[in-house]
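The values are calculated or read from the model by the stated rules, or taken from the named source; none is laboratory data. As the structure is a prediction and not an experimental result, all values here were calculated from the model. Please note: Cβ atoms are built from the backbone with ideal geometry, for glycine as well, and neighbour counts cover all protein chains shown.
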Amino acid sequence: MKHTLKRRVIATRPWSFPASVMPVLTTIFWLWSHGTSVNWLFGLLAVVNIVLVHAAGNVWSDISDYKQGVDAQDTFGVRLLVDGEFTATEFRRLSLSLNVLAVLMGLCMVWITGPLLLLIGAIGILFSLCYPFLKYHALGDVVIIFCYSLLPMLGTSLIVSGQIHWDVLWLAVPVGLITVAILHVNNVRDIATDKRAGIQTFPILTGRNFGISLYAFEVLFPYVWLLGLAVFGIASWWILVALLSLPIALGNVRAIMIYKKQNNDMCARLDEKTAQLQLLFSLLMIIGMSLSVYF
């Protein structure tokens, strides 16, 4: 069966890409705003590479969810496998193709940067391949923290500057928490269907109410953290431009609290809205860090 490029792109869940792109971009601008010489071309390559890895991981995860029965006719999300538009074999080929492209690009960057980047990349790809199994055993959040916060930030600092800059991890908390919240709210929403499929996600382990409270913490604490960075002089006060996204975060929390009381569909698209929050929050941080260079 032939598929258009648009349908193949949809299969990768592109709305989720802020979760991988924003850690890379915020790292680049953090380094630049703190006086580090940055190779912008290598930074662009890092963005493209992590999108390829993320896209491949999304497709691979959907294959596992489909086979495990996690994705069914009454579940949310991309329904290309469930509705029969794509076969599992076609998804497997797509994931493999994306991974091959990511590995080839990654090896080029390793040749330029050095073997330490190979180690970081290998750990990331291993986590990505093992993600379905780990998610089914309540460890999905741990994978997200490593693959979409810690590893890309350290790897990006190495790629664009030639060395690891550990101070970029100050951003791993706010960026990482909102990224984890994308997966977490998805799992809160899908507790009933995930239980039916026989898997164990973190919200199933801790309970629905705690899961809802944890989501609120994940999207609100980043603002407290940024305030702390500014107060203690770790970052410029300009970074607080990101607080302009706070009304969006509060709106997301309000939606999940309504869901908690009424068990309605307020949570249906909250994973996508959280990804949008991640995009806005990070872009505003980037604007703030850029302003700190000139003012």
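Taking the numbered list (1) at pLDDT below 85; (2) out of contact with any Ser or Thr (no Cβ under 9 Å at 6 or more places or on another chain) in turn, Cys108 passes all entries but (1).
Which ones in the range 124-183 are surrounded by fewer than 20 Cβ atoms within 10 Å (Cβ to Cβ), in contact with a Phe, Trp or Tyr (Cβ under 7 Å, 6 or more places away or on another chain) and either within 16 Å of Thr26 (Cβ to Cβ) or acidic (Asp, Glu) (or both)? Matches in the range 124-183: Val173 only. Within the range 173-228, the residues that satisfy the criterion of being small (Gly, Ala, Ser) and over 19 Å from Phe146 (Cβ atoms) are Ala192, Ala197, Gly198, Gly207, Gly211, Ser213, Ala216, Gly228. In this structure, Thr113 does not qualify as among the polar types (S, T, N, Q) and without any contact (Cβ under 8 Å) to a residue 40 or more places away in the chain. Residues that are crowded, with 20+ Cβ neighbours inside 10 Å and modelled with pLDDT of 85 or more number at least 2 in the following helices (runs of 4 or more DSSP H) confined to the range 1-100: 18-33, 40-68.
Against the definition (modelled with pLDDT of 95 or more and surrounded by fewer than 19 Cβ atoms within 10 Å (Cβ to Cβ)), how does Ala197 come out, yes or no? Let's see the steps before the verdict.
Working: modelled with pLDDT of 95 or more: no; surrounded by fewer than 19 Cβ atoms within 10 Å (Cβ to Cβ): yes.
So Ala197 fails the test.
Evaluation of Lys261 against the conditions (1) modelled with pLDDT of 95 or more; (2) surrounded by fewer than 16 Cβ atoms within 10 Å (Cβ to Cβ) shows that the sole unmet condition is (1). Condition first: under 12 Å from the mean Cα position of the chain (by Cα) and of a type in the set (D, E, K, R). Can you find one or more residues in the range 138-151 that meet it? There is at least one residue in the range 138-151 that is under 12 Å from the mean Cα position of the chain (by Cα) and of a type in the set (D, E, K, R).
Only one residue in Gly124, Gly106, Gly140, Gly155 is of a type in the set (Gly, Ala, Ser) and either more than 19 Å from Pro23 (Cβ to Cβ) or touching a His at 6+ places or on another chain (Cβ under 9 Å) (or both). Which one?
Numbers: Gly124 fails: either more than 19 Å from Pro23 (Cβ to Cβ) or touching a His at 6+ places or on another chain (Cβ under 9 Å) (or both); Gly106 fails: either more than 19 Å from Pro23 (Cβ to Cβ) or touching a His at 6+ places or on another chain (Cβ under 9 Å) (or both); Gly155 fails: either more than 19 Å from Pro23 (Cβ to Cβ) or touching a His at 6+ places or on another chain (Cβ under 9 Å) (or both).
It is Gly140.
Of all residues in the range 119-138, those satisfying the criterion of being in contact (Cβ under 8 Å) with a residue 12 or more places away in the chain and aliphatic (A, V, I, L, M) are Ile120, Ile123, Ile125, Leu129, Ala138.
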